[in-house]
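No lab work stands behind these numbers, since they all come straight from the coordinates. Because the structure is a prediction, the values reported are computed rather than measured. Here the Cβ positions follow ideal geometry from the backbone for every residue, glycine too, while neighbour counts run over all protein chains shown.
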Amino acid sequence: MARTPIVLKDPSRFKDPANLSWERYIALQARERERYLAERATLPADALAYKNVSARYLERAVDQFANNYFSELSATHYIATAAANAPFDELKKCCLFQLADEQRHLEMDTEVWQRAGIPEREWLPAWEAPGTTCRFFRHVLELDDTFEILVKANFVAEGAAGPGTFAVLADGAEARGDLFSAVNHRARVRDETRHISFARALVKALIDEDPVNLDVIQRWQDESLQLFLEVARNGERQEWWEGFLASYYKIALPLGLKRTAVGR
Ligand SMILES: [Fe+2]
Ligand SMILES: [Fe+2]
């Protein structure tokens with residue numbers, strides 16, 4: 001395993017902000033699942049069979065479906081690595097609970113592909129095409145340092161992608177008749193918010209302990225945003241990109257991080 005560029009000498013600086021125990025987590029998961037199934041049960045059969053969306057919508061939605069599905073699939077892998085290499089138990093616990101969340105999100109997104117009738121052989125090529133989150137997540141999947149994974153994936157990527165972006169995605173899907181995607185986005189955002197909070201607590205602990213850690217975190221931020229830039233597609237998705245950066249900077253700037261030149 002590569003030597004970690006930063007350490008938290010005093011792990012008591014990090015506390016799970018959601019204060020979850022195994023018992024509380026299982027109860028919360030069960031409640032979330034019940035709520036999700038209840039919302040899904042209200043959807044008309046036509047909506048669940050993707051009969052009320054246009055062919056044009058489905059054609060264009062494929063890369064969004066790919067970004068959703070493969071980022072959740074990647075998350076189940078990188079967060080397992082983060083858990084396995086976690087330097088202390090409180091952090092390992094947060095990673096393991098997240099692993100269960102991401103597995104549930106992955107199942108929701110698998111069902112989208114299936115109900116929309118997109119053959120499995122088309123899933124991966126859609127994600128590997130230019131302009132998707134593929135390059136970013138493949139980079140994260142190569143990492144083995146828990147702090148680096150959590151800073152890049154939870155703090156930067158999830159911090160930027162939610163909850164604002166998920167609300168936009170949910171509303172956009174709903175407006176085009178894709179009610180199932182809308183329900184999924186609204187369900188996942190409740191978990192993603194928890195993933196962002198524990199990563200934020202970790203970043204704060206690292207900076208509080210040693211201000212030098214801020215430089216490493218800044219570099220991880222810069223590398224991550226650089227890899228995300230292609231998703232903005234040369235200004236074609238300007239509005240999305242601005243919202244993405246705005247939600248990230250809202251949590252990052254107060255901790256002392258600076259804007260990445262690429263996003264300006
Ligand atoms: Fe997720
Ligand atoms: Fe997540």
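For segment 69-204, what is the convex hull volume of the alpha-carbon atoms per residue, in Å³?
Taking only Cα atoms, segment 69-204 has a hull volume of 102 Å³ per residue.
For the chain, set up a Gaussian network in which alpha carbons nearer than 10 Å are linked by springs, and say which option among 91, 143, 43 fluctuates the most.
43
Can you tally the lysine pairs in the chain where the Cα-Cα distance is under 22 Å and the two residues are eight or more apart, or on different chains?
Going through the chain pair by pair, I get 19.
Given an 8 Å cut-off on Cα distances and at least 6 residues of separation, report the relative contact order of the chain as a percent.
26 percent.
Sum up the charges of everything whose Cβ sits under 15 Å from the Cβ of residue 89, counting Lys and Arg as +1 and Asp and Glu as -1, but leave residue 89 out.
+1
Which order do the peptides 231-237, 184-190 take when ranked by the mean count of other beta-carbon atoms within 10 Å per residue, highest first?
Ranking the peptides 231-237, 184-190 by packing returns 184-190, 231-237.
Hey, if you put +1 on the Cβ of every Lys and Arg and -1 on every Asp and Glu Cβ in the chain, which of 216, 127, 172 ends up farthest toward the positive end of that dipole?
Toward the positive end, the furthest listed residue is 172.
For q = 0.19, 0.21 Å⁻¹, what log10 I(q)/I(0) does segment 173-246 give under the Debye formula with an equal point scatterer on each alpha carbon and no solvent?
The computed values of log10 I(q)/I(0) come out as -1.03, -1.10.
Please state the shape class of segment 1-60: rounded when a/c is under 1.5, otherwise prolate if a/b exceeds b/c and oblate if not, all from the C-alpha gyration tensor.
Oblate shape, in that a/c is at least 1.5 and b/c is the bigger or equal ratio.
Could you give the nm distance between label points at residue 218 and residue 144, where each point is 7 Å from its Cα heading toward the beta carbon?
2.9 nm
Go through 111-119, 65-73 and give me the packing order, highest mean Cβ count within 10 Å leading.
Answer by packing, highest mean first, reads 65-73, 111-119.
Alpha carbon centre of segment 117-140 versus segment 45-74: separation in Å?
13 Å
Give me D for the chain in µm² s⁻¹, whole number, from Stokes-Einstein with Rh from the Kirkwood sum over alpha-carbon pairs, 20 °C and 1.002 mPa s.
The Stokes-Einstein estimate is 113 µm²/s.
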